[in-house]
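Data block below; observations after.
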Amino acid sequence: EADCDQAIAIDPKNAYAYLKRGDARAKSEQYEAAVADYRACLELNPLLVWTYSALSWCYLQLKRYDECVKSADLATFFEPARPASFRYRAVARYRLSQYRECIPDFERVIDLGESSPTIFGQLAYARRETGAFSGALEDFDRGLALAPENGWLWGNRGVCQYELRDWRGSIEALDRAEQLGEQGTYIHFHRSRAKAELGDDPGALKDLDALI
């Protein structure tokens, strides 16, 4: 970073020095300072197009999701084969509850060769929120293939199974989530309803009691 400071002092229009200092600051989690450097870089040279992806990442870390999306729009336009920029935009849209909009971005990330339990889980959750329960179930399963001990994936898989009227499967998945340490009222709520559908009123009441 000191070398970049010196380079900027010698030539305040050195766009590449701002870019490199922004990279150093982002690496050390100085995201606000990195944003300032990346913006200065782009003002001096908008053709340093890989800067848009780095800027998008910093906005994502700062929870400035709308700005993350705008930067990622440019990053994905200039570098359509770079999965990271699509992932940043997908996550920002996911956190903005723009579930329908984030689905194509997650799909693009996967098509470009990236996969993780988190990617599959967030894609599955987004599908579930748009009512695409069968597709969501498939994606939760793809996540669980990579992380079979992930309680959050099991729990949300159980919710999908409930929506698909697979009462027994839902209860089994929610039980598994709880065994793995997943907590949340959604587990008791959906499990109580699934048990009620199967006529297990005592079991349903036990879960309802846990909600109080």
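The values are calculated or read from the model by the stated rules, or taken from the named source; none is laboratory data. Remember, predicted model here, so these are calculated numbers, not experimental data. We place every Cβ from the backbone using ideal geometry, glycine too, and count neighbours over all the protein chains shown. These area figures cover heavy atoms from the full protein model, side chains too; ligands, DNA and RNA do not enter into them. Shrake-Rupley method; radii C 1.70, N 1.55, O 1.52, S 1.80 Å.
At a glance:
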{"read-out": "Residue satisfying condition, being more than 13 Å from the chain's Cα centre (by Cα) and part of a helix (DSSP H, G or I), within set Phe106, Phe86, Phe77", "value": "Phe77"}
{"read-out": "Region 26-54, residues that are outside any loop (DSSP other than H, G, I, E, B), under 23 Å from the mean Cα position of the chain (by Cα) and in contact (Cβ under 8 Å) with a residue 24 or more places away in the chain", "value": "Ala26, Tyr31, Glu32, Ala34, Val35, Thr51, Tyr52, Ser53, Ala54"}
{"read-out": "Residue within region 98-108 that is basic (Lys, Arg) and surrounded by fewer than 17 Cβ atoms within 10 Å (Cβ to Cβ) present", "value": "yes"}
{"read-out": "Residue that is within 13 Å of the chain's Cα centre (by Cα), under 20 Å from Tyr31 (Cβ atoms), modelled with pLDDT of 95 or more and open to solvent by less than 30 Å² (accessible area, probe 1.4 Å), where the choices are Ala126, Ala92, Ala72", "value": "Ala92"}
{"read-out": "Scan of region 46-66 for residues that are among the polar types (S, T, N, Q) and open to solvent by 50 Å² or more (accessible area, probe 1.4 Å), ordered by number", "value": "Gln61"}
{"read-out": "Residue in region 5-18 that is surrounded by fewer than 16 Cβ atoms within 10 Å (Cβ to Cβ) and within 21 Å of the chain's Cα centre (by Cα) present", "value": "no"}
